[in-house]
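The values are calculated or read from the model by the stated rules, or taken from the named source; none is laboratory data. Just so you know, these numbers come straight off a predicted model, no measurement behind them. Here the Cβ is made from the backbone with ideal geometry for all residues, glycine too, and neighbour counts use every protein chain on show. For accessibility, only protein heavy atoms count, side chains too; no ligands or nucleic acids. Shrake-Rupley method; radii C 1.70, N 1.55, O 1.52, S 1.80 Å.
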Amino acid sequence: MLRVTSLVRDSQGKPLYYVAQFHDITERRAIDQIKNEFISIVSHELRTPLTAIRGSLGLLATGIYDSKPEKARRMLEIALTDSERLVRLVNDILDLERLDSGQVALEKTVCDAAQLMQQAVETLQPIADQAAITLRVIPVSAQVWAAPDAIIQTLTNLLSNAIKFSPANSTITLKAQPQLDGILFQVQDQGRGIPADKLQAIFGRFQQVDVSDSRHKGGTGLGLAICQSIIQQHNGRIWAESTLGEGSTFYFTLSNAAHDC
Ligand code: ADP
């Protein structure tokens, strides 16, 4: 509880009475605390690639490109990889903040589910080909009430995770099934799987199953938090099921066009 006291005077400046105001600041404190935690995690996440970039450039500045060209090339690669990571981090943080603060209302419209799926698959096909992974799409005939770009972003995030955590020669299946009151989308992989106690936590900000995932797999730990925020703004649900060593399936629901129009 916060008490604000002020003294009220008459026109000659003589004290008349005090006014005391009481504000319940418990909720404000909780919001401030969440914000402070977020800022501290973000600063930490940004500092790691920045430190690597500064270190590599510092070494290059000593003039090693003449005496040790191979090492100089390696330092440039580190600086480039880490600056790309910084850009990804900043973009993801901005996306999440824009979504969660409600700054941009998602413009929903009637969309063809098959087209959304096709667009996401087309974006990721080259990366899947490079990893020797087959992307399989099971066609569906359904209309959904959704913000198309946001749903394509959700599908792209889920598919790119599936590719990152799957071995070569495996298959990723994307399908959508009409339900009573909506559509259920599924992204199923044959990858390394997710431990049961992490299945919910991974939807939190900066949560990764393995601390080395961000460095080895290039992720930011924000992709699923962005997906969750998008699906919540569609009044849908998103969750994952998995068997370690066998694979994972990510699910989300959307209302069908007729339902929400
Ligand atoms: P990232 O950018 O690290 O991929 P995400 O929020 O998208 O961030 O995912 C969080 C973490 O969840 C990943 O780092 C990984 O540990 C785990 N994860 C997500 N998708 C999969 C998947 N299909 N298979 C195995 N682990 C996954």
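For this structure, a couple of remarks:
- Top-ranked residue of segment 141-195 - restricted to ones that are among the hydroxyl-bearing types (Ser, Thr, Tyr) and closer than 22 Å to CYS111 by Cβ, ranked as most open to solvent (accessible area, probe 1.4 Å): SER141
- Of everything listed in (1) without any contact (Cβ under 8 Å) to a residue 24 or more places away in the chain; (2) under 30 Å from GLY204 (Cβ atoms); (3) in contact with a Lys or Arg (Cβ under 6 Å, 6 or more places away or on another chain), the single unmet condition for GLY102 is (3).
- The number of residues in segment 176-206 being more than 8 Å from the ligand (Cβ to nearest atom) and free of Cβ contacts under 8 Å to residues at least 40 places away in the same chain comes to 6.
- Subset of segment 133-160 [among the small types (Gly, Ala, Ser), within 13 Å of the ligand (Cβ to nearest atom) and part of a loop (DSSP other than H, G, I, E, B)]: none
- For ALA120: the one exception among (1) touching a helix residue (DSSP H, G or I) at 6+ places or on another chain (Cβ under 6 Å); (2) in a strand (DSSP E or B): (2)
- GLU27 farther than 30 Å from ARG136 by Cβ and at pLDDT 80 or above: no
- Only one of the numbered conditions (1) within 30 Å of ARG205 (Cα to Cα); (2) loosely packed, with under 11 Cβ neighbours inside 10 Å is violated by PRO49, and that is (2).
- Taking the conditions (1) buried (at least 17 other Cβ atoms within 10 Å of the Cβ); (2) within 22 Å of THR220 (Cβ to Cβ) in turn, ASN91 satisfies each one other than (1).
- The set of residues in segment 127-140 being surrounded by 15 or more Cβ atoms within 10 Å (Cβ to Cβ) and over 24 Å from the mean Cα position of the chain (by Cα) consists of VAL140 alone.
- The residues of segment 217-240 that are within 11 Å of the ligand (Cβ to nearest atom), without any contact (Cβ under 8 Å) to a residue 60 or more places away in the chain and not in a loop (DSSP other than H, G, I, E, B), listed by number, are LYS217, GLN228, ALA240.
- Qualifying positions in segment 196-207 - part of a loop (DSSP other than H, G, I, E, B) and either of a type in the set (Ser, Thr, Tyr) or surrounded by fewer than 19 Cβ atoms within 10 Å (Cβ to Cβ) (or both): LEU199, GLN200, GLY204, PHE206, GLN207
- LEU89 satisfies every condition listed in (1) over 30 Å from LYS35 (Cα atoms); (2) in contact with a Ser or Thr (Cβ under 7 Å, 6 or more places away or on another chain) except (1).
- Some residue of segment 110-121 being polar (S, T, N, Q), loosely packed, with under 13 Cβ neighbours inside 10 Å and either modelled with pLDDT under 90 or within 16 Å of the ligand (Cβ to nearest atom) (or both): no
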